[in-house]
Structures are given as structure tokens and as C-alpha cells.
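The values are calculated or read from the model by the stated rules, or taken from the named source; none is laboratory data. Since this is a predicted model, take the numbers as computed values, not measurements. Cβ placement follows ideal geometry from the backbone for every residue including glycine, while neighbour counts extend to all protein chains displayed. When the accessible area is computed, the model is the full protein with side chains, heavy atoms only, and any ligands, DNA or RNA have been set aside. Shrake-Rupley method; radii C 1.70, N 1.55, O 1.52, S 1.80 Å.
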Amino acid sequence: MNYRVVAQVSDLDKVKAALVSCRNLLEDLGNVQLEVVFNQMAVRALVKGSEYEGDVDELIKMGVLIVACRNAMRLNNINEGDLINGVAIVNAGVGEIVRKMADGWLYLRL
Amino acid sequence: MNYRVVAQVSDLDKVKAALVSCRNLLEDLGNVQLEVVFNQMAVRALVKGSEYEGDVDELIKMGVLIVACRNAMRLNNINEGDLINGVAIVNAGVGEIVRKMADGWLYLRL
Amino acid sequence: MNYRVVAQVSDLDKVKAALVSCRNLLEDLGNVQLEVVFNQMAVRALVKGSEYEGDVDELIKMGVLIVACRNAMRLNNINEGDLINGVAIVNAGVGEIVRKMADGWLYLRL
């Protein structure tokens, strides 16, 4: 089965555990299309030079779509150029998640 | 598309971010029927005079259904008359959320 | 209606509230098949002698399936024999949750 999962990461202090969960999910399910949306304070993890850059980079190379919420970027004074290479941007993280669910994707709150 | 979304807010320290996410969701999706269920400690945010009253009031005026969990109210010694005008009450927040999902609503944990 | 719900508990400091929510859910819905997956730090709550043992035990006796994530057990140095009697184990909590959702179960993040 080809699973499609959209995951939400909102808390900065849960980013590390969330990234581990993403790895575990890929390993456990094998065939999974994974998109991880970072909104609220968690968006800070996607800035170049953050302590999570290596893990984020690795997930992107494994085919995971990493997404930053533009509303959260604005609140945290983060510009497009500040983001780790390969990170995508959506206007509203929650809107993106709802659209994906409406399209049949399964939702996980990490 | 007319989205129907039931959102859960459980943590008092995440109410502010959750209310911002609700605004972003309405703005981003346009056509969305939104119900926000406050359970556990987050129910305290729905008391008259709370620092969130203005934002809650505005969401209600925008057509959002704001719901308090009666179980959580009991644990926090909150009576019906203590709630911000227009807030609805359900017996169990989690039960309400499950019923809505079973009826096809999409679920967000804020 | 016979509801099938898979719930996720990830934070150790939210276990108490999560267990209360499980009780409320059973009481409110009546006919519900409930599986609760403990991953990340929350898995510590499932160790024999933990402060949550009594509540966990009671839920198991009420027919709730309590599940520990093996990845989280490894990170927390927890062995199978350390777990409260009756607790089940899966390789990856998030994988289990996704499989259940793909099978039509409703998802709650407690």
C-alpha cells in the first residue's frame, strides 16, 4: 500500500522527537509519501544553521517534502533566503494540512 | 470546496497560537466550517475576563463554533455562567471530536 | 455506531490528562474500540511501578488496547519485561497509527 501522510510540527521543543518519528515512519511503512508541515514556533527549526539542519537535509534527500508556514515565518522574522535549501513554503500551514486531508492524506500531529 | 474542520485545543499555553492558527485557517481556506473544541486545561481560556476573550469573541462573530468540554469545566470549577457569551458546551470534548470525524469532518490538533 | 479510535500519547507530562480523556471517551461514546499508542517519552508511563500503572491497568480491563512503541522503548532503555502486564508492542508507534487510519480508524492526538 502506498500511504500518503501529512504531519504537523508546531512546537520547537518537539522538533527533535518529530524528526526521529519521521525516520521511524519511513522505515516502518516503506512505501510512504510524507509531507511535514512546520508552523508556529517550530518553523525556526528550518532556518539555515539551525541544529536540525542535518536531519532536515537528510529527510529531504530521502524524498520527504518539508514545508514552512509563511504566517509563522513572518511572526519569526524569517525570510525565504533564510530557509534550509529544499524547504518549500505555503501561505498557511494549517490550510495546507486541511487541503491534503481533504485530498485523502492521513494526518499525524507530531 | 466547503471544508468542515474540527480542531482540538488542550493546552492552556498553546491557546494563543491556536487562535492565530484559526484565523489563518479561515483566511487561507475561505469556505470553511470550523468548530474548535477546548478540553483539558485549555478550557480555562473560555472563561469571561480571560486574556483570550477578545479573540474568542471575534472568532464567534466570524461564525466559528467554540466549544467547551463539560468534563474539563468540572475539573477546573467552571460553571456555565462563567463562560464567554456564545460558547457552546458538550459533555466530552474528545467524544464530540470523534463524532464529528465519524461524520466526515477533518481533524486538526492545534 | 461502533467507533474505532486510535489515540496517540507522546508527552510524558500529558499522560495523566490523556488517561482521563480515554475514560471520558469510553463513557461518552459507549460503543468504541479504542487503541492508545504511547511513543516518544510517554512510553515511560507504561513501565511496571509507574505512577500510571493503576489507570493503565484499569483501561486494559475495560478492553482498551494499550500499545508501546519499540523505538521509544529502545531510546528509554525499556525491555519487554519492564512493561505493565497486558501492554502490547509495535515496532513503530507512528507506523501503527498510520496503518490503523488507513484501515478507517479515527485518530486523536491526546
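General remarks:
Okay, residues lined up against (1) open to solvent by less than 20 Å² (accessible area, probe 1.4 Å); (2) within 12 Å of the chain's Cα centre (by Cα); (3) of a type in the set (D, E, K, R):
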| position | (1), (2), (3) |
| --- | --- |
| C:ASP28 | no, no, yes |
| C:ASN31 | no, no, no |
| C:ASN39 | yes, yes, no |
| C:LYS48 | no, no, yes |
| C:GLY54 | no, no, no |
| C:LYS61 | no, no, yes |
| C:ALA68 | yes, yes, no |
| C:ILE89 | no, yes, no |
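- Boolean, C:GLU80 is farther than 24 Å from C:ASN2 by Cα and of a type in the set (Asp, Glu): yes
- Per the conditions (1) open to solvent by less than 40 Å² (accessible area, probe 1.4 Å); (2) within 26 Å of A:ARG4 (Cα to Cα); (3) assigned to a loop (DSSP other than H, G, I, E, B), the sole criterion not satisfied by C:VAL98 is (3).
- Residue that is farthest from B:GLY54 (Cα to Cα) [pool: residues in region B:12-39 that are at the interface with chain A (Cβ under 9 Å from one of its Cβ atoms) and of a type in the set (Asp, Glu)]: B:ASP28
- Checked against (1) part of a helix (DSSP H, G or I); (2) over 10 Å from the mean Cα position of the chain (by Cα); (3) not small (Gly, Ala, Ser), A:ASN77 passes all but a single condition, namely (1).
- Taken over region C:1-12, the criterion of being at pLDDT 95 or above and open to solvent by 10 Å² or more (accessible area, probe 1.4 Å) is satisfied by C:TYR3, C:ARG4, C:ASP11, C:LEU12.
- Count - residues of region C:80-92 that are in a loop (DSSP other than H, G, I, E, B) and more than 14 Å from chain A (Cβ to nearest Cβ): 4
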